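The values are calculated or read from the model by the stated rules, or taken from the named source; none is laboratory data. The structure displayed is predicted, hence computed values, not measured ones. Glycine gets a Cβ as well: all are built from the backbone with ideal geometry, and neighbour counts include every protein chain shown. Accessible surface areas use protein heavy atoms only, side chains included; no ligands, DNA or RNA. Shrake-Rupley method; radii C 1.70, N 1.55, O 1.52, S 1.80 Å.
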Amino acid sequence: MTATASRPGRVAKLPPRERILDAAEELFQSEGIRRVSVQAIAEKAETTKMAVYRHFETKDALVAEWLRILAADYQAAFDRAEADHPERPREQILSLARFIADGLPALSYRGCPFINSLAELPDRAHPARQVIEQHKALQTRRLVAMCTRAGLPEPEEAAAEITFVLEGAQVSTQNGSIDRTAERLLRIVEGIIDRDRPSREASGPGAD
């Protein structure tokens with residue numbers, strides 16, 4: 001659903017619902033949720049306001065569906081990491097870090113859609129905010145499971161540290177406060193998952 005230079009020709013071939021979602025993504029990413037009207041989305045999608053409401057009961061429902069699709073993309077990164085590195089949890093974690101690192105250049109001018117959306121949706125009962133919170137909770141559970149399989153002595157602590165690094169790198173990239181964020185992100189995550197290996201190896205199988 002990412003916009004491209006050939007957007008008009010591509011969008012014309014999409015079904016109406018997908019065309020609306022495509023338009024909503026582009027507008028929400030570039031202008032924010034609150035500033036974008038349903039009428040603006042309809043015009044961008046080359047349809048009518050009535051058609052938008054035919055597919056999405058409210059604007060909030062449209063926002064929630066857009067974020068649900070984004071969340072699915074991130075969960076797919078977990079799936080790929082596990083499929084590409086079976087029984088290798090350390091490599092799975094590094095694969096996730098590379099996924100975030102590779103996406104940092106786009107964040108430098110658009111920002112993280114989840115972080116941006118949370119800033120615009122202070123009401124925790126908002127359906128779109130609930131989508132984000134559920135996604136983040138699932139992401140944490142999957143990362144803790146990877147850390148557990150990797151043999152880290154405190155998997156929940158390690159997962160929290162990795163999450164802080166991944167999300168902090170996104171914010172730092174967006175505000176331009178830190179340079180070489182991708183390189184540093186990967187180095188820090190690798191340090192987190194490897195820091196206990198020497199002590200375990202030095203202990204040996206017969207150690208207390």
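Details
- Residue satisfying all of: in segment 13-35; open to solvent by 20 Å² or more (accessible area, probe 1.4 Å) and under 12 Å from Ser117 (Cβ atoms); modelled with the highest pLDDT among these: Arg34
- Index of the failed condition, Leu62 passing every other in (1) touching a residue at least 40 places away in the same chain (Cβ under 8 Å); (2) farther than 24 Å from Glu18 by Cα: (2)
- Checked against (1) within 15 Å of Phe114 (Cα to Cα); (2) surrounded by fewer than 15 Cβ atoms within 10 Å (Cβ to Cβ); (3) in contact (Cβ under 8 Å) with a residue 12 or more places away in the chain, Val171 passes all but a single condition, namely (2).
- Complete set of residues in segment 174-195 that are aliphatic (A, V, I, L, M), under 11 Å from Ala97 (Cβ atoms) and open to solvent by 30 Å² or more (accessible area, probe 1.4 Å): Ala182, Leu186, Ile188
- Scanning segment 41-58 finds no residues that are touching a helix residue (DSSP H, G or I) at 6+ places or on another chain (Cβ under 8 Å), in contact (Cβ under 8 Å) with a residue 60 or more places away in the chain, within 20 Å of Gln130 (Cβ to Cβ) and not basic (Lys, Arg).
- Some residue of segment 78-95 being modelled with pLDDT of 95 or more, within 28 Å of Ile20 (Cβ to Cβ) and out of contact with any helix residue (DSSP H, G or I) (no Cβ under 9 Å at 6 or more places or on another chain): yes
- Per this entry, Phe114 is counted among residues that are aromatic (Phe, Trp, Tyr), open to solvent by less than 60 Å² (accessible area, probe 1.4 Å) and at pLDDT below 95.
- Lone unmet requirement of (1) among the aromatic types (Phe, Trp, Tyr); (2) surrounded by fewer than 19 Cβ atoms within 10 Å (Cβ to Cβ); (3) over 30 Å from Glu190 (Cα atoms) for Phe99: (3)
- Residue check for Asp84: open to solvent by 80 Å² or more (accessible area, probe 1.4 Å) and touching a Ser or Thr at 6+ places or on another chain (Cβ under 7 Å): yes
- Qualifying position, being more than 16 Å from Leu94 (Cα to Cα) and touching a helix residue (DSSP H, G or I) at 6+ places or on another chain (Cβ under 8 Å), among Gly151, Gly176: Gly176
- Residue-level check: of (1) under 18 Å from the mean Cα position of the chain (by Cα); (2) surrounded by 20 or more Cβ atoms within 10 Å (Cβ to Cβ), Pro89 misses just (1).
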